[in-house]
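What follows is one structure encoded as C-alpha cells, with my remarks underneath.
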Amino acid sequence: MIAQRVADVEALNQAARRRLAHAGMLTGPEITAAGRSFQAGDRVVARRNQQLPTIDGTTAQVMNGQRGTITAIDPARRAATVAWDGRGSTTVPASYLDAAHLDHGYAITGHRAQGLTVDHTWIKTGDTLYREWGYVAASRGRHHSQLYAIADTMDATAEELDHGAWQPAAATTAQRLSSQLRRSHAHVNATDARRERPPARRFTLPTPESDQALGFD
C-alpha cells in the first residue's frame with residue numbers, strides 16, 4: 001500500500017496489522033518500542049542505514065528503506081530477528097527499535113516506494129495528488145495498481161448538510177483524479193507560490209498638486 005500523507009501511512013499500517021493479528025498471522029511474543037508493537041510475521045521497513053549483527057556473529061549493512069519480515073522476537077533482550085528481502089537476516093537490537101528506526105512496512109509513502117517493484121499496489125491519494133507522484137505510485141505494481149480516493153463533502157456548509165441541500169459537484173471522482181494527474185508538481189508549486197505572494201505595492205508619480213499639499217514648492 002502506498003499513500004501520500006505520513007498520517008495515512010501510519011493509519012494503514014495499524015489497520016493492516018490488526019487484520020493480520022485477527023487472522024492469526026502474527027505469532028509468538030510481542031515487544032513494544034517507540035510506540036510500535038512487533039511480532040513474528042510483521043512486515044517492517046528500516047529507517048536508518050546501520051551495521052547490524054547477523055545470526056552467524058558477523059555484521060551486515062541494513063539500508064534505509066530496506067524491507068523485510070520479522071521471524072523471531074527475543075523479549076528478554078527486546079530484540080527482533082528480521083529476514084530482509086533478498087538480503088539475509090540480522091538481529092535488530094533494542095537500541096535500533098527504541099530510536100524508531102524500524103517501522104511497520106505494510107504501507108509506505110510514495111517517496112519511499114521509488115525503485116520498488118511488487119506484484120500489486122493499492123494507492124490512497126487525496127486532493128494533493130499530482131502527475132509525478134501518481135506515476136511513481138502507479139508504476140510500482142508489476143501486474144496491478146489500484147487507486148483509492150475519498151469523495152467527500154468538503155465544499156458543503158454545515159447548514160447545507162443539515163438540510164440536505166448540498167449536491168455533489170458535476171465532476172465525478174474519476175474525473176477529478178484524471179484532472180489532478182494532469183497537473184505537474186512544478187505547476188502546483190507555482191500556483192501555491194502565487195497564492196502566498198503578498199499583493200504588489202502600488203506607487204503613483206507625484207503631481208504638482210501633491211507637492212503643494214506636502215509643502216514642497
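The values are calculated or read from the model by the stated rules, or taken from the named source; none is laboratory data. This structure is a prediction, so every number in the text was calculated from the model and none was measured. In this analysis, Cβ positions are derived from the backbone assuming ideal geometry, glycine residues included, and neighbour counts consider all displayed protein chains.
Tabulated results
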item: Residues (within 25 Å of the chain's Cα centre (by Cα) and either surrounded by fewer than 18 Cβ atoms within 10 Å (Cβ to Cβ) or of a type in the set (D, E, K, R) (or both)) located in the range 66-86; result: ARG67, THR69, ALA83, ASP85, GLY86
item: Output for the range 109-133, where each listed residue is among the charged types (D, E, K, R) and surrounded by 14 or more Cβ atoms within 10 Å (Cβ to Cβ); result: ARG112, LYS124, ARG131, GLU132
item: Meets criteria (within 24 Å of THR109 (Cα to Cα), under 19 Å from the mean Cα position of the chain (by Cα) and small (Gly, Ala, Ser)) for ALA46; result: yes
item: Subset of the range 25-61 that is in contact (Cβ under 8 Å) with a residue 60 or more places away in the chain and among the hydrophobic types (A, V, I, L, M, F, W, C) - its residue that is surrounded by the fewest Cβ atoms within 10 Å (Cβ to Cβ); result: ALA34
item: Residue match in the range 88-99 (condition: small (Gly, Ala, Ser), touching a helix residue (DSSP H, G or I) at 6+ places or on another chain (Cβ under 6 Å) and over 26 Å from GLY24 (Cβ atoms)); result: no
item: Single match in TYR106, TYR96 (criterion: surrounded by 14 or more Cβ atoms within 10 Å (Cβ to Cβ), out of contact with any Pro (no Cβ under 6 Å at 6 or more places or on another chain) and part of a helix (DSSP H, G or I)); result: TYR96
item: Pair list, Cβ under 6 Å, 6 or more apart: the range 3-23 residue closer than 19 Å to ALA113 by Cβ and at pLDDT 90 or above, other residue surrounded by fewer than 11 Cβ atoms within 10 Å (Cβ to Cβ) and not hydroxyl-bearing (Ser, Thr, Tyr); result: none
item: Yes/no for GLU10 being surrounded by 13 or more Cβ atoms within 10 Å (Cβ to Cβ) and closer than 18 Å to ALA80 by Cβ; result: no
item: Options GLN39, GLN66: the member that is at pLDDT 95 or above and farther than 18 Å from GLN4 by Cβ; result: GLN39
item: Check on THR121, outside any helix (DSSP H, G or I) and at pLDDT 95 or above; result: no
